[in-house]
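Everything on this sheet refers to the single structure shown next.
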Amino acid sequence: MKKLILVVTLAIALLGCSGTNTPLYIEKNLALELNAVDENDDLSLFTRPADDEMLIKLHESEQDYVVYTYQNNCSACQIFSPILKEFLLENHYLIYSYNVNDNDYLSLNERYPYVYSVKTTPNLSFFYEGEKIGELSSSRYSDLNKFSISFSNYVYPNAISDTNSVETLFESLNNKVSYIIYLYGNEESLRFYDKYIFNDFKDEKTLNIYRLNISSINEEEMISLKEKFDLNVLDKEIYYEIDENQKGIIDPTSSTYIEEYKALVSSLSVH
């Protein structure tokens, strides 16, 4: 494959007791990949904290994802938390965490039956294309190796990494020669990501793929992004560089935006 530098800007999200052949593709947390946190830090730095609104969005996204349910005053959660942190530091998976301290299980089960058949904490629920396919009561794990085996039996790694930091992204790109970057920040482009980007690249194993939440960055970081990749619109803009002589920008306001994107994906020959 030719050297590829492609930037796609989009204002754009252990398995049950028994095994499954369903491929569950989970994004990586770029901050964890670069060891930007310490195992003594709060759990929120190792996971993506989810509220009720995010649970609904995740379900509607039809993506693959994992939700970790816990309580601060749960003794089993306190035992399992260090195991989970160590596992995530080693494997960098992006998982969502939901604290049920302020909610009761009955209410959660009624409001989110697709998420909560949860009866005890800690619990990990696994979703394939937005639908729950299993769960694991992590209270049975006090050993990292056993937990790693259980998790790895059901989750397939891919090349997509998620971050909220421009600095972290730039640091990761230092030694990369071929990569794709997705920048997202609104519901429209998130739907585009769910429908196209994730499906086109979720089983990619070799090409470095990143997505950055631009809604969490400041004006100075916005400027640095535009200057580094010669971006104009930023939101849903697509910049690509196949080699030194072939590069360009796909304008998101163009009537042929989708067609141009599909042609670009086809030209990459990643499948």
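No lab work stands behind these numbers, since they all come straight from the coordinates. As the structure is a computational prediction, the values presented were derived from the model and not from experiment. Don't worry about glycine lacking a Cβ; one is built from the backbone with ideal geometry, like all the others, and counts go over all protein chains shown.
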Low-density loop positions, trypsin sites (Lys or Arg not before Pro), segment 76-153 - DSSP coil, at most 13 other Cβ in 10 Å: Lys119
Footprinting exposure proxy for Lys236, Lys228 (fewest neighbouring C-beta atoms within 10 Å first): Lys228, Lys236
Set of lysines with alpha-carbon distance to Lys57 below 27 Å, sequence-local pairs under 8 removed: Lys28, Lys85, Lys119, Lys132, Lys195, Lys202, Lys205, Lys236, Lys262
Directionally averaged projected area (convex hull, Cα atoms, the chain), nm²: 14.7
Compactness relative to 2.2 N^0.38 Å, alpha carbon Rg of segment 24-155: 0.98
